1. Counting pairs of alpha carbon atoms under 8 Å apart in space and at least six apart in sequence, what relative contact order in percent does region 1-158 give?
2. Pick out, from 72, 23, 231, the residue whose Cα sits farthest towards the positive end of the charge dipole of region 20-266, with +1 on the Cβ of Lys and Arg and -1 on the Cβ of Asp and Glu.
3. Going toward the positive end of the dipole of region 268-406, with +1 on Lys and Arg Cβ and -1 on Asp and Glu Cβ, which of 374, 326, 303 do you reach last?
4. Tally Lys and Arg at +1 and Asp and Glu at -1 over the other residues with C-beta under 15 Å from the C-beta of residue 91: what net charge comes out?
5. Distance check, please: which entries in 92/207; 15/174; 65/309; 15/238 exceed 30 angstrom between their Cα atoms?
6. Any idea what angle helix 248-265 forms with the longest principal axis of the chain, computed on alpha-carbon atoms, 0 to 90 degrees, nearest 10?
7. What do you get when you divide the Cα radius of gyration of region 20-266 by 2.2 N^0.38 Å, with N the number of residues?
8. Kindly write out, for region 198-212 in residue order, the coupling ³J(HN,Hα) from the Karplus curve 6.51 cos²θ - 1.76 cosθ + 1.60 (θ = phi - 60°), rounded to whole Hz, with x marking Gly and Pro.
Amino acid sequence: MKKNQKGVTRHSEVKEPEISAESFAVMSISTGEMVYSKNPDRKQFISGPERLMCAISVTDNMHDKKEMNNFVTVKEEYIEKDDVFKAGDSVKVKDLLSAMLISGSRSAAFSLADYSLGSQGEFVTYMNNKAKQLELKNTNFTSPALTYDKDQYSSVSDYAVLTRIAMSDDFIKKMSGKKGYKIKTEKGNTISVKNNEELIKDAEKAKKRGYSIFAGIIDDSDNGNINYMLSAINKDIKLVAVTSNIKKENASKEMNKLIKYGFVKVKKTIAVEKNKKAGYALIKNGERTIVPVYTKERAYVYLPPEGSKSLIEKNKVIEKNIKAPLKEGKKVGEYKIYVGDEFQGSVDLIIKKPISTGYFPSKIYISNNAMYISSGLILLIIFLRIERKRRIKRRNRKRRMRRAEKARKIARRELAKENYRKNSERYF
């Protein structure tokens, strides 16, 4: 790479890498910018999108996160040769999702579809409606699992967009990057699932190349080549690279070229800085009930060449009814970032210090310190009232004593006058 006199690499001088894949796309997860592509909108059978869309659809239809621990029984009709599951295995929803994302388990995908919406047909309809909602114009599903069908297709650009959306879900992101995972059935049996060896090796090599892989999917295509998705991060910038029909022996080398090129070429307009104070959150049941919140990470947006930073808008959303105890780094809200009217993404708002459960008044948002202060004020008020009553009592007693003394003086004067009068009459 050539550098200018100041030692800064100029983007225009970075050569585009030669890639043998039939089609590919490099997209910024951070901003949504399509950085580099070849035949991005070509409809084709690509393995991988069905895993992400199945996971998104399942989580969409959950009432709450507790459903992750519900058990689902794998039907015999869904078991295939060399399947990780056996007919009758009862497995938690989160473990089925993990098996599907890590190993591409078809039986897990079919079981999740039945669990989520009651039938394969209803679930596939939901997947396709979701694709339309996400404006994936070149994508269609006929199955929640990898199925070779002329009517099940996508494009590398749609796959990249879908990956960007899927990676905003912490669970999907975490499981898409796992090397392996151990599942416990309801009966206590252990099932191991493993990711693709090629992906694991590439993730280990990535650290030496200056970036980290946090998610990936590799599947063989119908002509013996492979389809490959990698998501990587380097200095707060996240990228996804997708290739279809690439020779297995070329995949790792060419994916590395795509990712490195993407990190150089991506446009990085900062919308929000990391660790920026973004206001306060109300915490119920907490030792502290009004706490500052901060941005978890730096957020970027893509601005077209003619755009300006004045187009960037940030809408702060703080969660309601947040309850203690809370761990350090707990998400309590987010900045929603727009360029003009177009949603670009969000950045989490977190608390920096843990919050333990407060005393009883914290249920009505009175912190422990506020309770101490208010209790002190109440005691002070009580003390002052008691002291005031004592002062009034002492003052009244003194008044009574003065009045009594005055009355005694008057009585003594009158007695003296009376004695004087009597003595005077005695001499006449």
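All of the numbers you see were taken from the coordinates with simple rules; none came from a lab. None of these values were measured; they are calculated from a predicted model. Note: ideal-geometry Cβ built from the backbone for every residue, glycine included; neighbour counts use all protein chains shown.
1. Details: 231 pairs, mean separation 39.9, N = 158.
Reported relative contact order: 25 percent.
2. Working it through, the farthest residue towards the positive pole turns out to be 231.
3. 374
4. Value of the local net charge: +1.
5. On the way: 92/207 33 Å; 15/174 33 Å; 65/309 37 Å; 15/238 21 Å.
Distance filter (> 30 Å) returns 92/207; 15/174; 65/309.
6. Approximately 50 degrees, to the nearest ten.
7. On the way: Rg = 17.1 Å, N = 247, 2.2 N^0.38 = 17.9 Å.
Computed over Cα atoms of region 20-266, the ratio equals 0.96.
8. Whole-Hz 3J(HN,Hα) from phi for region 198-212: 4, 5, 4, 5, 5, 5, 6, 5, 4, 4, 6, 8, x, 8, 10.
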